[in-house]
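The values are calculated or read from the model by the stated rules, or taken from the named source; none is laboratory data. Since this is a predicted model, take the numbers as computed values, not measurements. Using ideal geometry, Cβ is built from the backbone for each residue, glycine included, and neighbour counts are taken over all protein chains shown.
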Amino acid sequence: MTGCAGCQSCERYDQKAVSLNGEAVFFWFRFAYTLGMVSVFGIGNPLIDVVFHASDEDLVVLGLDKGIMHLVSQDRQQEILQHFSGKEPQYHPGGSGPNTLLALAGLGTPGVICGKIGNDGFGLTYDRQVRDYGITSRLVRGEGATGSSIILVTDDGERTMNTHLGMCQEFGTADLDEPLLRETVRGGGILYFTGYMWDTETQKAAIRRAMAVTREEGGRIVFDLADPFAVERYRSDFLELLGDWVDVVFANGREAAILLDLEGDAAAGALAEMVDTVALKAGKDGSVLAWKDGDGALQFTRVGGNLVVPRDTTGAGDMYAAGFLAGMARGFHRQRCGEIAGLLAEEIIQRTGAQFDVATITSLRNGILGEGTV
């Protein structure tokens, strides 16, 4: 694959910074934030999350596979809502990529959120959320419904999602703010997207164009496989992305097994043959990071987890990505990125919902990153 200009991986980027001018690299990202510049350009599906607590029996009755994301019609969503007609849901602005980007903003990491919403009440809710977090918005409006996801959370914290993309699926190359993308990723900035963006041809075309621009400008591409169902549907495409475009990949064990028919270190090592940095998430056991050193030898680092009682795992992967990207944006070594990612994921699963409120994520910034607010 083609490496990033100036920094083939997190570790080499960090080593160069430390050996030449470590303080200047850290200062640059703080300086960029102070000036309102951006360092992460994220493209995602802005969705309103409609959250119910459910039992395993509910899932059986509804014919749903537990723990994955189902793409459904609005009629199917109405069937599920009818099943839970006696319960009151919780509503949260969500979507995997946007969740990550809003958390990044709360952690003091400059970013851009890009996606498509409808000209409706849910779209207005999203606009308010973006303003609250202070992230640069490139959300565009279309004539249709804002996407939504009915999320069923069982007692073990597992979430089963039933998503109607709405206007998200109409996002295309014309909706990209290409000048801002170039400015953001130039010279080592980050393009971030998830496997959920591979559900329509217009979305795929937009992501491919964004990756090409990022390569032209010497940026880094970070890809989260996002969901086992997405990997099953687009396995060959994802392998091509990893081999030709991606610099950093996030995956869990189930996703990696579907993609490669391998598990554990074998899966992490195989992914490291394709990309510069692998973060293989292992739930309560933390994560395994894999990469190749300057001599081409595979290296592994294990980042342990802490014992917590999960209430809702909906946002675990999104917050892991936010923590890792926050570390990358500051030039941290990959192990430190993995530690921040794990701590943030552990925090969110102890709460209901996939996102922190502004006050909470701001306070976590100091505790996890060791930074005060700017």
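Taking ARG215 as the residue in question, decide whether it is more than 21 Å from ASN99 (Cβ to Cβ) and modelled with pLDDT of 95 or more. Walk me through how you get there before you give the answer.
On the way: more than 21 Å from ASN99 (Cβ to Cβ): yes; modelled with pLDDT of 95 or more: yes.
Spelling it out, ARG215 is indeed more than 21 Å from ASN99 (Cβ to Cβ) and modelled with pLDDT of 95 or more.
Can you tell me which residues in region 19-58 are closer than 30 Å to THR173 by Cβ, of a type in the set (Phe, Trp, Tyr) and either over 20 Å from the mean Cα position of the chain (by Cα) or modelled with pLDDT under 50 (or both)?
Passing the criteria: PHE29, TYR33.
Taking the stated definitions as given, is GLU273 closer than 26 Å to GLY219 by Cβ and surrounded by fewer than 20 Cβ atoms within 10 Å (Cβ to Cβ)? I'd like the intermediate steps shown before the answer.
On the way: closer than 26 Å to GLY219 by Cβ: yes; surrounded by fewer than 20 Cβ atoms within 10 Å (Cβ to Cβ): yes.
Yes; evaluated as a whole, the condition is true for this residue.
In region 296-315, how many are assigned to a strand (DSSP E or B) and not polar (S, T, N, Q)? Before the answer, list the steps.
Start the filter on region 296-315 by keeping residues that are assigned to a strand (DSSP E or B), which leaves 298-303.
Okay, now just the ones that are also not polar (S, T, N, Q), so 298, 300, 302-303.
Residues meeting the conditions: 4.
Select from region 286-313 the residues that are under 20 Å from the mean Cα position of the chain (by Cα) and without any contact (Cβ under 8 Å) to a residue 24 or more places away in the chain and list them in ascending order.
none
Report the residue count in region 48-77 for those that are surrounded by fewer than 16 Cβ atoms within 10 Å (Cβ to Cβ), of a type outside the set (A, V, I, L, M) and over 16 Å from LEU165 (Cβ atoms). Outline the logic, then answer.
Narrowing region 48-77 to residues surrounded by fewer than 16 Cβ atoms within 10 Å (Cβ to Cβ): 55-57, 60-61, 63, 65-66, 73-76.
When the remaining residues are screened for being of a type outside the set (A, V, I, L, M), the result is 55-57, 63, 65-66, 73-76.
Now narrow it down to the ones that are over 16 Å from LEU165 (Cβ atoms): 55-57, 63, 65-66.
Counting residues in region 48-77 that are surrounded by fewer than 16 Cβ atoms within 10 Å (Cβ to Cβ), of a type outside the set (A, V, I, L, M) and over 16 Å from LEU165 (Cβ atoms) gives 6.
Which residue pairs have Cβ atoms under 8 Å apart, sit 6 or more places apart or on different chains, and have a first residue in region 170-195 that is on the phi < 0 side of the Ramachandran plot and surrounded by fewer than 16 Cβ atoms within 10 Å (Cβ to Cβ) and a second that is assigned to a helix (DSSP H, G or I) and not β-branched (Val, Ile, Thr)?
The qualifying pairs are THR173/ALA205; THR173/ALA206; THR173/ARG209; GLU178/ARG209.
If ASP127 satisfies all but one of (1) without any contact (Cβ under 8 Å) to a residue 24 or more places away in the chain; (2) over 21 Å from the mean Cα position of the chain (by Cα), what's the number of the condition it fails?
(2)
Restricting attention to region 298-313, does a residue exist that is crowded, with 24+ Cβ neighbours inside 10 Å and touching a strand residue (DSSP E or B) at 6+ places or on another chain (Cβ under 8 Å)? Even if it seems obvious, please write down each step before you answer.
Our first condition is that a residue be crowded, with 24+ Cβ neighbours inside 10 Å; within region 298-313, this holds for none.
Scanning region 298-313, I find no residue that is crowded, with 24+ Cβ neighbours inside 10 Å and touching a strand residue (DSSP E or B) at 6+ places or on another chain (Cβ under 8 Å), so the answer is no.
Mind checking whether some residue in region 64-80 is more than 26 Å from the chain's Cα centre (by Cα), in a loop (DSSP other than H, G, I, E, B), touching a residue at least 24 places away in the same chain (Cβ under 8 Å) and over 25 Å from LEU124 (Cα atoms)? I'd like the intermediate steps shown before the answer.
Of region 64-80, the ones more than 26 Å from the chain's Cα centre (by Cα) are 75-76, 78-80.
Subsequent filtering for residues that are in a loop (DSSP other than H, G, I, E, B) retains none.
Among the residues of region 64-80, not one is more than 26 Å from the chain's Cα centre (by Cα), in a loop (DSSP other than H, G, I, E, B), touching a residue at least 24 places away in the same chain (Cβ under 8 Å) and over 25 Å from LEU124 (Cα atoms), which makes the answer no.
For (1) in a loop (DSSP other than H, G, I, E, B); (2) surrounded by fewer than 20 Cβ atoms within 10 Å (Cβ to Cβ); (3) under 14 Å from the mean Cα position of the chain (by Cα); (4) at positive phi, each residue gets a yes or a no:
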{"position": "GLY317", "(1), (2), (3), (4)": "no, no, yes, no"}
{"position": "LEU325", "(1), (2), (3), (4)": "no, no, yes, no"}
{"position": "MET328", "(1), (2), (3), (4)": "no, no, yes, no"}
{"position": "GLY331", "(1), (2), (3), (4)": "yes, no, no, yes"}
{"position": "ALA341", "(1), (2), (3), (4)": "no, no, yes, no"}
{"position": "GLU347", "(1), (2), (3), (4)": "no, no, no, no"}
{"position": "ALA354", "(1), (2), (3), (4)": "yes, no, yes, no"}
{"position": "ALA359", "(1), (2), (3), (4)": "no, yes, no, no"}
{"position": "GLU371", "(1), (2), (3), (4)": "yes, yes, no, no"}
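Hey, which of the strands (runs of 3 or more DSSP E) in region 126-235, taking only ones fully inside, have at least 3 residues that are aliphatic (A, V, I, L, M)?
147-153
Scanning for something more than 16 Å from ILE190 (Cβ to Cβ), touching a Cys at 6+ places or on another chain (Cβ under 9 Å), modelled with pLDDT of 95 or more and of a type in the set (A, V, I, L, M, F, W, C), does region 270-280 turn up at least one residue?
No, there is no match, as no residue in region 270-280 is more than 16 Å from ILE190 (Cβ to Cβ), touching a Cys at 6+ places or on another chain (Cβ under 9 Å), modelled with pLDDT of 95 or more and of a type in the set (A, V, I, L, M, F, W, C).
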